[in-house]
Amino acid sequence: MSILIKNGRIITDEKDFQSDIYIEDEKISDIGVGLSLGAEHIIDAKGLYIIPGGVDVHTHMEAPVGGTISSDDFETGTRAAAFGGTTSIIDFATQSHGQKIRETLDIWWKKAEKAVVDYGFHMIVTDMPEADLKDMDEIVREGVTSFKLFMAYPGVLMTDDATIFRVMQQAGKNGSFVCMHAENGGAIDVLVKQAVAGGKKDPVYHALTRPDTAEAEAVYRSIALARMADAPLYIVHVSTYDALEHIAEARDRGLPVYGETCPHYLLLSIDDLKRPDFEGAKYVLTPPLREKRHQEKLWQGLQRNNLQLVSTDHCPFCFQEQKTIGREDFTKIPNGGPGVEDRLHLTYHHGVNEGRISLHRWVELVSTAPAKMFGLYPRKGAIAVGSDADIVLWDPSKEHTISAQSHHMNVDYSMYEGFSVRGGAETVISRGEVIVDKGKWLGEKGRGKYLKRDQYTGRV
Ligand code: DUC
Ligand code: ZN
Ligand code: ZN
């Protein structure tokens, strides 16, 4: 299959130029003005931006959480991602207690066979005795080059400092790194028990029992542990200014510390958890939504590169069937919210249109930096000869009101219901195949491929 894209304006993290693109099979094979190569399919991209496909490095498809399973599987979730202009995801495989991480990986490979865009994995480690450390090296060789650890959820996912330190040391040696869920789980557990004992069971107590300082303390501690272990560190879902300050300070010292934030921390707040009629449960995710004052600080973190990228932490649960499990008690509400489809248009509209970031920085935050950070560049995240032809034709003038009625995620609500955005994906190409065109789905179940990721090189 060959495709010629004519008359487009190519926008990368660094460049902005008019050119044609020639795609042969799965790769970009030529970029130049006035290409006159014969192609099976010609696309006129006049008036559109041509950007590299989005890379979302934080999703949870078909993930077991709190006694239920996230409502998007790898097919529905990756299809929704594609509609929003994301052509690669990195999902989380979760080690069950006592399970060998190699076995965990096999289970997630199986689940992901139906994906419609390309996917890689991080490994969530819940147990890592000294004797099993070499298992980490084995999966790094198979392209799983990052490990998520939790400093929260005691008795379920939380690992102690010794385990964290061991895993960091091993990661530092084998070319991978730790992605940290940084919240002080011990203190939070005490606060949660006290709230419940006091009859405080509404959704807002999810946020009130997880203070800003619980995140900041854990970020600081994890940076200290990584420094002692001489290892890189990536903080997932940064939600507070307090946490961001610790990351900025570490980076000022030249430490290899990185962070992501998510659209919901940039655009939503604790006020959403106070919505009446249990609607606040739609916004129960972790770390929780914060006071509004954090939002501009997080945007500044992105502007100044103290935060390197935007991911979604897409972890959807249907309101009617799943969130209501916690109607009488916020601790039983499954933690997570949908977003994989909305990342590009939300950050474009509130970032580029509202003057917070440049077009280049936007492409960097949603595509190039995640690809570099997670060992996929220049195969992904680039418009370059030899790169995978993962290309989004972006219409900067397309107006759209976000709604659960029209989104493609398998979930019965949107956290951004009624948000109006300008700018959206018009045509989405994944490895040389048009999979979305003008709102129409053209891809096939199972066409996504496993992404064997490179080792960490510290390129962002
Ligand atoms: N952390 C995540 O990264 N996702 C969902 C829930 C959580 O605690
Ligand atoms: Zn987390
Ligand atoms: Zn997550």
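The values are calculated or read from the model by the stated rules, or taken from the named source; none is laboratory data. Note that the structure is a prediction, hence the values are computed from the model and not measured. Note that we place each Cβ from the backbone using ideal geometry, even for glycine, and neighbour counts take in every protein chain shown. Please note that ligands, DNA and RNA were not included when accessible areas were found on the heavy atoms of the full protein model with its side chains. Shrake-Rupley method; radii C 1.70, N 1.55, O 1.52, S 1.80 Å.
Being among the aliphatic types (A, V, I, L, M), open to solvent by 10 Å² or more (accessible area, probe 1.4 Å) and either under 23 Å from the mean Cα position of the chain (by Cα) or within 14 Å of SER430 (Cβ to Cβ) (or both) is the filter here; which residues of the stretch 383-398 pass it? Talk me through it step by step, then tell me what you get.
Going residue by residue through the stretch 383-398, those that are among the aliphatic types (A, V, I, L, M) are 383-385, 389, 391-393.
From what's left, open to solvent by 10 Å² or more (accessible area, probe 1.4 Å): 383-385.
Within the stretch 383-398, ILE383 is the sole residue that qualifies.
When the residues of the stretch 138-162 are filtered to those that are more than 16 Å from ligand 1 (Cβ to nearest atom) and surrounded by 14 or more Cβ atoms within 10 Å (Cβ to Cβ), the one that is nearest to GLU215 (Cα to Cα) is THR145.
For MET180, the requirement of being closer than 26 Å to ALA371 by Cα, open to solvent by less than 40 Å² (accessible area, probe 1.4 Å) and in a helix (DSSP H, G or I) is not met.
Every residue, every condition in (1) hydrophobic (A, V, I, L, M, F, W, C); (2) within 25 Å of the chain's Cα centre (by Cα), yes or no:
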| position | (1), (2) |
| --- | --- |
| VAL167 | yes, yes |
| LEU191 | yes, no |
| PRO211 | no, yes |
| ALA214 | yes, yes |
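Look through HIS360, HIS345 and report the one residue that is open to solvent by 30 Å² or more (accessible area, probe 1.4 Å) and touching a residue at least 60 places away in the same chain (Cβ under 8 Å). Talk me through it step by step, then tell me what you get.
Details: HIS345 fails: open to solvent by 30 Å² or more (accessible area, probe 1.4 Å).
Residue meeting the stated conditions: HIS360.
In the stretch 286-305, the residues that are closer than 15 Å to ARG210 by Cα reach residues that are of a type in the set (D, E, K, R) and within 16 Å of ligand 3 (Cβ to nearest atom) with C-beta atoms within less than 6 angstrom, at least six apart or across chains, in these pairs: PRO287/GLU183; PRO287/GLU215; PRO288/ARG210.
For the stretch 117-126, indicate whether the set of residues that are more than 16 Å from ligand 3 (Cβ to nearest atom), on the phi < 0 side of the Ramachandran plot and within 18 Å of the chain's Cα centre (by Cα) is non-empty.
Within the stretch 117-126, the subset more than 16 Å from ligand 3 (Cβ to nearest atom) is 117-118.
Now drop any that are not on the phi < 0 side of the Ramachandran plot, which leaves 117-118.
Filter again for within 18 Å of the chain's Cα centre (by Cα), leaving 117-118.
Within the stretch 117-126 (the criterion being more than 16 Å from ligand 3 (Cβ to nearest atom), on the phi < 0 side of the Ramachandran plot and within 18 Å of the chain's Cα centre (by Cα)), the answer is yes, since at least one residue qualifies.
Which count do you get for residues in the stretch 175-190 that are closer than 18 Å to GLU138 by Cβ and more than 16 Å from ligand 3 (Cβ to nearest atom)? Give the steps one after another, and end with the answer.
First, the residues of the stretch 175-190 that are closer than 18 Å to GLU138 by Cβ: 175-178.
Now drop any that are not more than 16 Å from ligand 3 (Cβ to nearest atom), which leaves 175-177.
Counting residues in the stretch 175-190 that are closer than 18 Å to GLU138 by Cβ and more than 16 Å from ligand 3 (Cβ to nearest atom) gives 3.
Do you know which residues across the stretch 298-329 are open to solvent by less than 10 Å² (accessible area, probe 1.4 Å) and more than 20 Å from HIS122 (Cβ to Cβ)? LEU298, TRP299, GLY301, LEU302, PHE317, LYS323, GLY326 - these are the residues of the stretch 298-329 that are open to solvent by less than 10 Å² (accessible area, probe 1.4 Å) and more than 20 Å from HIS122 (Cβ to Cβ). When SER239 is tested against (1) closer than 11 Å to ALA182 by Cβ; (2) in contact with a His (Cβ under 8 Å, 6 or more places away or on another chain); (3) within 16 Å of ligand 2 (Cβ to nearest atom); (4) in a helix (DSSP H, G or I), only condition (4) is not met.
Restricting the search to the stretch 261-297, which residues are open to solvent by 40 Å² or more (accessible area, probe 1.4 Å) and assigned to a helix (DSSP H, G or I)? Result: ASP271, GLU279, ARG293, GLU296, LYS297. For the stretch 109-137, a residue qualifies if it is without any contact (Cβ under 8 Å) to a residue 24 or more places away in the chain and either open to solvent by less than 10 Å² (accessible area, probe 1.4 Å) or among the charged types (D, E, K, R) (or both), and the qualifying residues are LYS110, LYS134. If the condition is being outside any loop (DSSP other than H, G, I, E, B) and either closer than 22 Å to GLY53 by Cβ or without any contact (Cβ under 8 Å) to a residue 12 or more places away in the chain (or both), then the stretch 407-434 contributes VAL421, ARG422, GLY423, GLY424, ALA425, GLU426, THR427, VAL428, ILE429, SER430, GLU433, VAL434. Which residues, taken from the stretch 367-382, are buried (at least 24 other Cβ atoms within 10 Å of the Cβ) and either part of a helix (DSSP H, G or I) or without any contact (Cβ under 8 Å) to a residue 12 or more places away in the chain (or both)? Across the stretch 367-382, the qualifying residues are SER367, THR368, ALA369, PRO370, ALA371, LYS372, MET373. Every condition in (1) within 17 Å of ALA281 (Cα to Cα); (2) open to solvent by 10 Å² or more (accessible area, probe 1.4 Å); (3) in contact with a strand residue (DSSP E or B) (Cβ under 7 Å, 6 or more places away or on another chain) is met by GLY336 except one, and the failing one is (2).
The residues in the stretch 229-244 that are more than 16 Å from ligand 1 (Cβ to nearest atom) and either open to solvent by less than 20 Å² (accessible area, probe 1.4 Å) or over 12 Å from LEU307 (Cβ atoms) (or both) can be counted, and the count is 6.
In the stretch 168-177, is there at least one residue being surrounded by 22 or more Cβ atoms within 10 Å (Cβ to Cβ) and closer than 29 Å to THR331 by Cβ? Steps first, please.
Pass one, the stretch 168-177, residues surrounded by 22 or more Cβ atoms within 10 Å (Cβ to Cβ): 168, 170-171, 176-177.
Going one step further and asking which of them are closer than 29 Å to THR331 by Cβ, we end up with none.
The answer is no, given that none of the residues of the stretch 168-177 is surrounded by 22 or more Cβ atoms within 10 Å (Cβ to Cβ) and closer than 29 Å to THR331 by Cβ.
Applying the criterion of being over 19 Å from TYR220 (Cα atoms) and part of a loop (DSSP other than H, G, I, E, B) to the residues of the stretch 155-174, the residue that is farthest from ligand 3 (Cβ to nearest atom) is GLY155. Here are the criteria: (1) in a loop (DSSP other than H, G, I, E, B); (2) over 29 Å from MET1 (Cβ atoms); (3) open to solvent by 10 Å² or more (accessible area, probe 1.4 Å); (4) in contact with a strand residue (DSSP E or B) (Cβ under 6 Å, 6 or more places away or on another chain). Tell me which single one ALA404 does not satisfy. So the condition that ALA404 fails would be (4). Could you check the stretch 151-202 and list, in sequence order, the residues that are without any contact (Cβ under 8 Å) to a residue 60 or more places away in the chain, within 25 Å of CYS262 (Cα to Cα) and of a type in the set (D, E, K, R)? ASP189 - this is the single residue of the stretch 151-202 that is without any contact (Cβ under 8 Å) to a residue 60 or more places away in the chain, within 25 Å of CYS262 (Cα to Cα) and of a type in the set (D, E, K, R). Among the residues making up the stretch 48-72, those that are within 14 Å of ligand 3 (Cβ to nearest atom) and open to solvent by less than 10 Å² (accessible area, probe 1.4 Å) are ASP56, VAL57, HIS58, THR59, MET61, ALA63, SER70, ASP72.
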